[in-house]
1. For region 105-137, give me the residue count where each residue is farther than 23 Å from PHE61 by Cβ and part of a helix (DSSP H, G or I).
2. Just the residues that are within 11 Å of the chain's Cα centre (by Cα) and either farther than 23 Å from GLN52 by Cα or of a type outside the set (Val, Ile, Thr) (or both), please, taken from region 104-117.
3. Quick check on this structure: which one of ILE255, ILE209, ILE230 is at pLDDT 95 or above and surrounded by 21 or more Cβ atoms within 10 Å (Cβ to Cβ)?
4. I'd like the residue in region 81-130 that is over 25 Å from LYS181 (Cα atoms) and among the basic types (Lys, Arg) and, out of all such residues, is surrounded by the fewest Cβ atoms within 10 Å (Cβ to Cβ).
Amino acid sequence: MKHFKISVLLCIGLLYQCKSTDSTANSESNKMELYLLIGQSNMAGRAAIEEQDRDTIPNVFLFTGDAEKPWEKAANPLNEYSTVRKKLSLQKLGPGYSFAKEMAKAMPGKEIGLIVNARGGTSIEEWHPGDSLYNEAVSQAKKAMEFGVLKGIVWHQGEANVSRYDKYMPKIEFLIASLRKDLNDPDLPFVAGQLSTDKPKRINFNKMILELPNTVENTGVITSENTETIDNTHFNSAGQRLLGQRYAKEMLRLIELKSQ
């Protein structure tokens, strides 16, 4: 009889352990999936917010950084809550809106959280690890990570560096390595984008940035082909939507590779 009671207790313990493990796994899988969007003005958004860009996106939330209400339904301008942005009137449509739409479409049922912390006119040197732009991005990401899992970083920057493009690659390599270290994910997907092709001086930068995946693992680059600008620098609304779709496609590819 004594042995029978011990066996029953052992079985109950094992069942409880299995249930607890399953519950933990389910909890992890149900967490909000987070994306950090950083860079300069094209990431902050300078394109007009048109009628099709005015709605919220189902299951997509924007990190506000507010202690009482940290998240709200994502709506343009997405860079509104950036802790480093310029004045609010400058924040318009960037690639984040269509990026989020495509990510939500690809992962129905998942809650997606955007941490958008861009600032126009900034060089990659100003995003150096330890400096304010970098520190703010990491700080916002860590706060948001209390509510979910960081799945990737979207980076659009380079206008301020086209004249010294040949010194850019080591700096972006260091930036990626630092972000991955400080955000505790050595394989965190990172996607960068080309600049507009309206000015010849950007050709060398755009060629150079395409080499990033050959230099750093788990990175991708999207092209700016078939896009137009409003002022030879900032993508127009259609261009931003196209870039966002490309960012999502590349991010999904990297996430899939990481999971294999």
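1. Kept after step one, since they are farther than 23 Å from PHE61 by Cβ, are these residues of region 105-137: 120-135.
Next, from what is left, pick out any that are part of a helix (DSSP H, G or I): 124-127, 132-135.
So the count comes out to 8.
2. Looking only at region 104-117, we keep the residues that are within 11 Å of the chain's Cα centre (by Cα), and these are 112-117.
Selection gives GLY113, LEU114, ASN117.
3. Numbers: ILE255 fails: surrounded by 21 or more Cβ atoms within 10 Å (Cβ to Cβ); ILE230 fails: surrounded by 21 or more Cβ atoms within 10 Å (Cβ to Cβ).
Exactly one of ILE255, ILE209, ILE230 is at pLDDT 95 or above and surrounded by 21 or more Cβ atoms within 10 Å (Cβ to Cβ), namely ILE209.
4. Filtering first and then ranking leaves LYS87.
The values are calculated or read from the model by the stated rules, or taken from the named source; none is laboratory data. Remember, predicted model here, so these are calculated numbers, not experimental data. In this analysis, Cβ positions are derived from the backbone assuming ideal geometry, glycine residues included, and neighbour counts consider all displayed protein chains.
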